[in-house]
Structures are given as structure tokens and as C-alpha cells.
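Working notes for the structure below.
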Amino acid sequence: MPALNKKYANGKITVRPNGPYKVEGNIPLVRKSQIVSEYGEPLNWKVDGEIQVESPYFLCRCGGSQDKPFCDGTHKRNGFDGTETARTDSFADRQKVDERGTGIVVKSDHSLCMNSGFCGNRKTNIPRMVPHTKEPAVRAEIMAMIDRCPSGTYSYSLTPDGEDIEADLPVQIADSVEVISAGPIQGPLWVTGYIEIERSDQQPLEVRNRVTLCNCGESCNKPLCDGTHRRLQEENQK
């Protein structure tokens with residue numbers, strides 16, 4: 001774990017069986033929302049404020065709480081099935097490596113993708129840009145896109161045998177808001193800063209700098225978000 005995060009070495013998120021996320025270790029909770037272009041392209045994130053909490057606190061996982069992001073016990077009444085299927089091996093085990101670039105090696109694991117949209121825009125996307133990274137501006141744009149991806153689907157190194165370079169993200173959990181064509185929607189819980197996450201079967205997930213946790217209750221990759229919330233909310237707003 002990086003030295004910057006040592007003061008949170010005891011911070012931990014535990015997935016409760018068919019229940020909420022238990023958060024221990026004085027991990028800050030904030031609200032963040034997407035900044036999008038006039039074309040609806042995600043550009044960056046902004047912090048909308050901190051939510052006052054005391055450790056431990058419990059965050060909704062079933063999607064039914066009337067006190068989001070906190071759990072209000074609805075999971076006990078709505079038949080929530082929180083069975084976890086997310087893999088417990090590492091990003092390195094699953095990654096696909098794209099070495100077509102100049103000065104950058106792009107790595108990806110699309111089993112983590114939750115369709116937040118930071119990996120492209122209306123003109124191009126990361127895979128299309130990689131062959132053109134001899135131009136430093138293209139290389140820099142790819143790096144920026146990867147740094148803003150909340151799920152950690154993409155990573156990069158400067159050489160094939162180099163260490164992955166990660167954005168300097170705070171140790172915190174963000175209750176996120178995303179933007180779709182119909183307007184703002186509730187996004188996943190965005191966990192940053194190498195916080196330990198333990199499944200309800202006591203199996204640990206790989207500790208990573210960026211993780212998105214499902215809080216709509218409908219992901220097929222629990223406890224991770226798979227973007228199902230976007231489809232459901234787009235359908236509801238039609």
C-alpha cells in the first residue's frame with residue numbers, strides 16, 4: 001500500500017451477506033458528480049461536498065434505501081439477493097495489454113467496466129488513439145482519460161515491463177452522480193485510495209486505487225458495479 005495511505009491502513013469495507021457495506025476506519029464520505037460537455041461527454045469530476053459520518057457507517061447495497069447513501073434496513077424487507085460473483089484474482093491476471101503505442105502501454109480489464117464513459121468522446125476512444133501516441137498530445141489525452149475512469153478498467157505503464165502508473169486519488173468513498181441524456185442519475189459508490197474490500201464470504205477483493213461498488217442492487221458482478229443502473233434509469237426516464 002502506498003505510503004500516502006498509511007494513516008488509513010486499518011480502513012476497511014466489509015460486504016454484509018445480502019446486506020449493506022460496513023465501512024470502518026474513519027474513511028471520508030463525499031458527494032461527487034460528473035462534469036460533461038454540451039455533447040454529453042464525461043470530462044471530469046467535481047466534489048459537491050463532504051457527508052458527515054462516524055465510524056463505522058453502513059452504505060446501501062440493495063438500492064431500496066430511502067436514506068441513500070446510507071442503509072435504512074430495506075434489504076431485510078425487499079428480498080435483496082446480494083450474492084457476490086466478482087472475481088477475487090488480480091487485474092494483472094485478467095488484463096489485456098496493448099503495446100501498439102509509443103511511450104505508453106495500455107492495459108485493460110473490461111470485466112470491471114461500468115460504462116461511465118471517460119474512455120472516449122464523440123470522435124474517438126482509447127483503443128483508436130493508441131496507435132497515434134507518437135504525438136505527445138494524444139498520449140496525454142489517453143493518460144487523462146484513464147486517470148478519470150472510476151472503475152479502474154484501464155491502466156497504463158510507460159514501458160512493457162514498467163510499473164502501472166496510477167492517479168493520486170484521495171482515500172475516500174464518493175456517492176456519485178452521473179449524467180445521461182435525460183439528466184443526472186444516481187451512480188455507484190466510488191472507492192479510491194487502496195481501501196481493503198472484503199466479500200461477505202470473507203474473501204478479499206484485490207486492493208486497488210479505484211473501485212466502483214454497486215448500490216442499485218442489480219449488478220451482475222456484485223459487489224462491483226457493472227453499469228446496470230444506467231440502463232435501468234435510462235429506461236425509467238423514457
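The values are calculated or read from the model by the stated rules, or taken from the named source; none is laboratory data. Everything numeric here is computed off the predicted structure, so don't read it as measured data. Using ideal geometry, Cβ is built from the backbone for each residue, glycine included, and neighbour counts are taken over all protein chains shown.
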### Message
Filter the stretch 11-30 down to the residues that are assigned to a strand (DSSP E or B), touching a Ser or Thr at 6+ places or on another chain (Cβ under 8 Å) and among the charged types (D, E, K, R) and list them by number.
### Response
LYS22, GLU24
### Query
Does the stretch 48-65 contain any residue that is aromatic (Phe, Trp, Tyr), modelled with pLDDT of 95 or more and in a loop (DSSP other than H, G, I, E, B)?
no
### Query
Being at positive phi, modelled with pLDDT of 95 or more and more than 14 Å from the chain's Cα centre (by Cα), is that true of even one residue in the stretch 202-211?
no
### Task
Report, ordered by the first and then the second residue, all pairs with beta carbons closer than 8 Å, sequence separation of six or more or different chains, a first member in the stretch 74-95 that is more than 16 Å from LEU205 (Cβ to Cβ) and in contact (Cβ under 8 Å) with a residue 40 or more places away in the chain, and a second member that is part of a helix (DSSP H, G or I) and of a type in the set (Val, Ile, Thr).
PHE80/THR74
### Message
Being among the aliphatic types (A, V, I, L, M), surrounded by 15 or more Cβ atoms within 10 Å (Cβ to Cβ) and in contact with a Leu (Cβ under 6 Å, 6 or more places away or on another chain): is that true of VAL105 here?
### Response
no
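A quick yes/no check of all residues on (1) in contact (Cβ under 8 Å) with a residue 12 or more places away in the chain; (2) buried (at least 22 other Cβ atoms within 10 Å of the Cβ); (3) not assigned by TED's automatic domain parsing to the domain that holds CYS113:
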{"site": "ASN125", "(1), (2), (3)": "no, no, no"}
{"site": "ALA140", "(1), (2), (3)": "no, no, no"}
{"site": "CYS149", "(1), (2), (3)": "yes, yes, no"}
{"site": "THR153", "(1), (2), (3)": "yes, yes, no"}
{"site": "ASP164", "(1), (2), (3)": "yes, no, yes"}
{"site": "GLU178", "(1), (2), (3)": "yes, yes, yes"}
{"site": "ALA182", "(1), (2), (3)": "yes, no, yes"}
{"site": "ASN209", "(1), (2), (3)": "yes, no, yes"}
{"site": "CYS225", "(1), (2), (3)": "yes, yes, yes"}
### Summary
Given the conditions (1) touching a Cys at 6+ places or on another chain (Cβ under 8 Å); (2) without any contact (Cβ under 8 Å) to a residue 24 or more places away in the chain, every one holds for GLY49 apart from (1)
### Message
Just to be sure I understand, how many residues within the stretch 69-103 are in a loop (DSSP other than H, G, I, E, B) and among the basic types (Lys, Arg)?
### Response
3
### Task
Taking only the stretch 104-148 into account, find how many residues are part of a helix (DSSP H, G or I) and among the hydrophobic types (A, V, I, L, M, F, W, C).
12
### Query
Only one of (1) surrounded by fewer than 19 Cβ atoms within 10 Å (Cβ to Cβ); (2) at pLDDT 95 or above is not met by THR88, so which one is it?
(2)
